[in-house]
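Engineer: First the structure, which I've put down as structure tokens, then a few questions once you've had a look.
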Amino acid sequence: MIRLRPLTFAAAALAIALPALPAETAGAPGTVEIAVVANRIAAGEVITEADLEIQAVDARRARGALTLAEIAGLEARRPLTPGTPVRSHDVQQPKLIKKGQAVTMVVSHGGLTIAARGKALEDGGKGDIVRVQNIASQKIIQGEVTASGIVSVASGGLAMLAGL
């Protein structure tokens with residue numbers, strides 16, 4: 001039977017429980033390689049891998065930085081400048097619907113699907129619940145953004161879509 005000293009066991013348990021940090025780069029103690037902004041990104045612009053580059057930075061500056069895989073495909077909440085790490089508060093899911101945009105409201109129940117035209121009353125990203133005005137009835141309903149220009153309404157909204 002192998003006996004571990006209590007301190008050795010505690011250190012091993014802590015190493016397993018903590019999330020992995022970016023690896024230190026060879027030859028530069030205290031630096032890590034992370035994804036940083038390669039060129040200026042405007043607020044509202046969707047970030048691609050081409051907008052990012054891997055750079056060695058001081059480990060303290062890398063705290064909270066997202067990985068390249070986590071950043072790509074998200075939308076910048078504010079302008080981002082070259083050389084800066086991207087953190088969760090800098091990005092959001094892309095807006096698939098903009099306030100005032102014409103949208104298609106869809107409700108499905110069983111094998112029946114009904115679609116109606118509407119106008120978005122607020123911005124929304126995939127999965128967001130937004131208010132939409134039915135063009136025909138002028139009634140306001142809520143639905144979930146499922147794709148660009150598409151709002152899915154719960155089956156209880158069937159009468160609202162039909163303009164009743």
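What follows is calculated from the coordinates using simple rules that are stated; it is not laboratory data. For clarity, every value in this text was computed on a predicted model and none was experimentally measured. So basically every Cβ, Gly included, is an ideal-geometry build from the backbone, and we count neighbours across all protein chains shown.
Engineer: Might you check whether a residue that is touching a Gly at 6+ places or on another chain (Cβ under 7 Å), assigned to a loop (DSSP other than H, G, I, E, B), over 30 Å from Asp58 (Cα atoms) and not aliphatic (A, V, I, L, M) occurs anywhere in the stretch 112-135?
Structural biologist: No, the conditions are met nowhere in the stretch 112-135.
Engineer: Taking the stretch 80-94, which residues are touching a residue at least 24 places away in the same chain (Cβ under 8 Å), exposed (fewer than 14 other Cβ atoms within 10 Å of the Cβ) and farther than 18 Å from Asp123 by Cα?
Structural biologist: Thr81, Pro82, Gly83, Ser88 - these are the residues of the stretch 80-94 that are touching a residue at least 24 places away in the same chain (Cβ under 8 Å), exposed (fewer than 14 other Cβ atoms within 10 Å of the Cβ) and farther than 18 Å from Asp123 by Cα.
Engineer: Of these, Ile54, Ile129, Ile140, which one is without any contact (Cβ under 8 Å) to a residue 24 or more places away in the chain, under 30 Å from Val32 (Cβ atoms) and not aromatic (Phe, Trp, Tyr)?
Structural biologist: Of the residues listed, the single one that is without any contact (Cβ under 8 Å) to a residue 24 or more places away in the chain, under 30 Å from Val32 (Cβ atoms) and not aromatic (Phe, Trp, Tyr) is Ile54.
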